[in-house]
Number of protein chains: 2
Amino acid sequence: MLRRNFLKGAGIGVAASAVAAPAIAQSAPEINWRLTSSFPKSLDTIYGAAEVFAKYVSDATDGKFKIQVFPAGELAPGLEAANEVSKGTVEICHTCSYYYWGKDPAFAFGTAVPFGLNSRMQNAWMYHGGGIELMNEFYAGHNLFGLPCGNTGAQMGGWFRKEIKTVDDLKGVKMRIAGFAGKVMSGVGVVPQQIAGGEIYPALEKGTIDAAEWVGPYDDEKLGFYKVAPYYYYPGWWEGGAYLHIMINTEKWNSLPKNYQAIVWAAAQAANSDTQAKYDFLNPTALKKLAASGAQLRPYPQDVLEACFASAKAAYEEISASNAAFKKMYDAMSAVRADQYLWFQVSEHTFDTFMMNQQRKKAL
Amino acid sequence: MLRRNFLKGAGIGVAASAVAAPAIAQSAPEINWRLTSSFPKSLDTIYGAAEVFAKYVSDATDGKFKIQVFPAGELAPGLEAANEVSKGTVEICHTCSYYYWGKDPAFAFGTAVPFGLNSRMQNAWMYHGGGIELMNEFYAGHNLFGLPCGNTGAQMGGWFRKEIKTVDDLKGVKMRIAGFAGKVMSGVGVVPQQIAGGEIYPALEKGTIDAAEWVGPYDDEKLGFYKVAPYYYYPGWWEGGAYLHIMINTEKWNSLPKNYQAIVWAAAQAANSDTQAKYDFLNPTALKKLAASGAQLRPYPQDVLEACFASAKAAYEEISASNAAFKKMYDAMSAVRADQYLWFQVSEHTFDTFMMNQQRKKAL
């Protein structure tokens, strides 16, 4: 329901250029956009989310509204995607909002924050708890309009060359981990490293770094980390439900006819759900493959999780003290989080726990 | 990806009547459909899913493809919705596939089956594991084309006048519970009752029945069951992630232009996700309200769950022995289920468990 109010408030107008056509064409102008992805084609899950979105839009408009997807590096470097859209050099991008954490830490809430929400809770907050409106109040200041478009679910906690038995084992560990998660990890002694995807494997192999986080089984398996850093930790508490976003230049968004805006909205929401379904379907097989290849699955020890939770809390408070937009989103997310985890522990968690016990007994 | 193959295989053709219009109108004919919902307007969650779907379709087509939503009873009784669509008296319905369990038990898989998949797993199976294709092979025999359009998440396990401490306490309990779940419950001594939503409260009050299942906190709270049957059990193991469906008359579906089919697909997938988000957002507040009003939350005892699990297994085997369509879907679902519960217990469950512990410590 919120969505209707939101569209109403977004100042939707048909661009002058589109109004000139005859009545029936008003709602079906030919539009060609370029989408710059933050990801390489080899990540078929994440990169694929933008392709699914673009296909939905094209199919819904009989090919009249075409969005061509370009991999990272062709139109803009992966970490610059939203910056180019903001400037208007490209109409739309598919990216992680938290890549822009360096510009403003409030960008983190668009993707995932340490000890934040799981994937379903993210959707509850965004689509029915005012999250999309709140994020876009902020994005508007960067000349962007954003919508969730894909979720990985709870990610894994990364690959380690050596086993981590207590929080002390993290001291001095050079880990490829960025942004907010890196800040929290540094609070427990980790030395965060910024390394591009393609350089992680050789760095782990040489021992230049001791650990690296990536995504989850399906994406991780392709990069072969298990060969050089066999300890595969979980959960990735910094990404309990990590969103991808489409981000559109504000003027470009406002110039779309109303029905194209509606198509973009539904296509993004459908692709958002579709990507989560794809990850969920692909991850189990990849996990089995990894385990068979020698990956050593390990839960993070409880004291590690507790120390990281405390470090995250301190980081939230520190940033909130000097950044009002961040504080507003943190407060909103926290309220949703407390309620969601109250409810999810009742039916969802009890059902899943029973079923997982059956799975371990091989009764399924 | 599967979706593209599916649409290709579905024999999509533009109806002769639509082809007569000029080129630009071919893809934007004016179409008016009536949708018969299986639900009353008062269930704003479930009934609302059809409204969200219809609005997406209308907005995407600039009002050219209008789907008018009618509550149960106006065009067809709630439990007859798909039958009328099958006959072609109404173009489309929004219903629960398992309402037609009496015609063929295989219909159950479209909604939820006892000890089946949770909401995310349902999506994984349907959208990426071949579930939509498999369901529609079956629906086609009933002149229907179906798509998921809403999910409740794991439902609650029902309201009981007396506490259930062991499986023996279920013997002779008259419970409002239907279909497959009723069959499984009868295996542990429950006497299943078929009662329409509006008649549950007086029946519980008078003691004509001892227990009743409905949906979850938000929907249940409206009906006030806590006043007459205060013990509120969880989880609703027969509906770990219950889908709603739109079902379209096959000829009507085939007559849509390709772009309208694409719009229906994306709108249904978006509304599917949107409804889950709405439930997730509304349930926590309702749960707190129920607890404050005197509802007594109780997990089903472990021996009850184990006995019901065994009863379900026996029922699956019994029906599979004589129904090939049912067996095919059960085998497909079981394979997905074993894999999904293997993976979900790793990162998702560990993350959620840690966060729920923080919630109980009031640290969130």
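The values are calculated or read from the model by the stated rules, or taken from the named source; none is laboratory data. The model shown is predicted, which means the values in this text are computed figures rather than measured ones. A quick note on method: Cβ atoms are made from the backbone with ideal geometry, for glycine too, and the neighbour counts reach across all protein chains shown.
Before moving on, here are some points about what is shown:
- Check on B:Phe309, within 8 Å of chain A (Cβ to nearest Cβ), farther than 30 Å from A:Gln302 by Cα and surrounded by fewer than 23 Cβ atoms within 10 Å (Cβ to Cβ): yes
- Search result, residues across segment A:281-302 that are facing chain B (nearest Cβ under 10 Å), under 13 Å from A:Asp219 (Cβ atoms) and buried (at least 21 other Cβ atoms within 10 Å of the Cβ): A:Leu282, A:Asn283, A:Leu287
- Checked against the criterion of being of a type outside the set (S, T, N, Q) and within 13 Å of chain B (Cβ to nearest Cβ), segment A:317-327 has no qualifying residue.
- Residue in segment B:256-268 that is within 16 Å of the chain's Cα centre (by Cα), crowded, with 23+ Cβ neighbours inside 10 Å and at the interface with chain A (Cβ under 10 Å from one of its Cβ atoms) present: yes
- Among the residues listed as A:Tyr243, A:Tyr231, the single one being hydroxyl-bearing (Ser, Thr, Tyr), at pLDDT 95 or above and touching a Cys at 6+ places or on another chain (Cβ under 9 Å): A:Tyr243
- Note on segment B:210-234: among residues that are of a type in the set (Asp, Glu) and assigned to a loop (DSSP other than H, G, I, E, B), the one that is farthest from the other protein chains (Cβ to nearest Cβ) is B:Asp210.
Table: residues versus (1) surrounded by 19 or more Cβ atoms within 10 Å (Cβ to Cβ); (2) basic (Lys, Arg).
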| position | (1), (2) |
| --- | --- |
| A:Ala28 | yes, no |
| A:Ser38 | yes, no |
| A:Val69 | yes, no |
| A:Gly88 | no, no |
| A:Ser97 | yes, no |
| A:Gly102 | no, no |
| A:Pro105 | yes, no |
| A:Ala112 | yes, no |
| A:Arg120 | yes, yes |
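- The strands (runs of 3 or more DSSP E) falling completely within segment A:80-176 that include 2 or more residues that are farther than 29 Å from B:Ala363 by Cα and in contact (Cβ under 8 Å) with a residue 40 or more places away in the chain map to A:92-95, A:144-151.
- Residue ID - nearest to B:Gly216 (Cα to Cα), chosen from residues in segment A:324-340 that are free of Cβ contacts under 8 Å to residues at least 12 places away in the same chain and in contact with a helix residue (DSSP H, G or I) (Cβ under 7 Å, 6 or more places away or on another chain): A:Asp339
- For segment B:27-47, a tally of residues being part of a strand (DSSP E or B) and farther than 30 Å from A:Glu30 by Cβ returns 4.
- If you filter segment A:184-194 down to residues that are farther than 16 Å from A:Trp101 by Cβ and hydrophobic (A, V, I, L, M, F, W, C), you find that the one that is surrounded by the most Cβ atoms within 10 Å (Cβ to Cβ) is A:Val190.
- Annotation: of all residues in segment A:227-255 being among the small types (Gly, Ala, Ser) and within 23 Å of A:Tyr98 (Cβ to Cβ), the one that is surrounded by the fewest Cβ atoms within 10 Å (Cβ to Cβ) is A:Gly241.
Residues are listed down the side, and each one gets a yes or a no for (1) surrounded by fewer than 24 Cβ atoms within 10 Å (Cβ to Cβ); (2) under 19 Å from A:Val336 (Cβ atoms); (3) within 14 Å of chain B (Cβ to nearest Cβ); (4) of a type outside the set (Ser, Thr, Tyr):
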{"residue": "A:Trp125", "(1), (2), (3), (4)": "no, yes, yes, yes"}
{"residue": "A:Gly146", "(1), (2), (3), (4)": "no, yes, no, yes"}
{"residue": "A:Gly150", "(1), (2), (3), (4)": "no, no, yes, yes"}
{"residue": "A:Arg161", "(1), (2), (3), (4)": "yes, no, no, yes"}
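- Meets criteria (within 7 Å of chain A (Cβ to nearest Cβ) and touching a residue at least 40 places away in the same chain (Cβ under 8 Å)) for B:Trp237: yes
- From the options A:Ala178, A:Ala203, A:Ala140, A:Ala212, residue that is more than 21 Å from the chain's Cα centre (by Cα) and among the aliphatic types (A, V, I, L, M): A:Ala203
- Enumeration of residues in segment A:328-347 that are hydroxyl-bearing (Ser, Thr, Tyr) and more than 7 Å from chain B (Cβ to nearest Cβ): A:Tyr330
Residues checked against (1) among the small types (Gly, Ala, Ser); (2) over 30 Å from A:Asn283 (Cβ atoms):
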| position | (1), (2) |
| --- | --- |
| B:Leu79 | no, yes |
| B:Ala106 | yes, no |
| B:Met126 | no, no |
| B:Lys165 | no, yes |
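- Annotation note: of A:Gly158, A:Gly153, A:Gly130, A:Gly141, the sole residue that is modelled with pLDDT of 95 or more, on the phi < 0 side of the Ramachandran plot and not basic (Lys, Arg) is A:Gly141.
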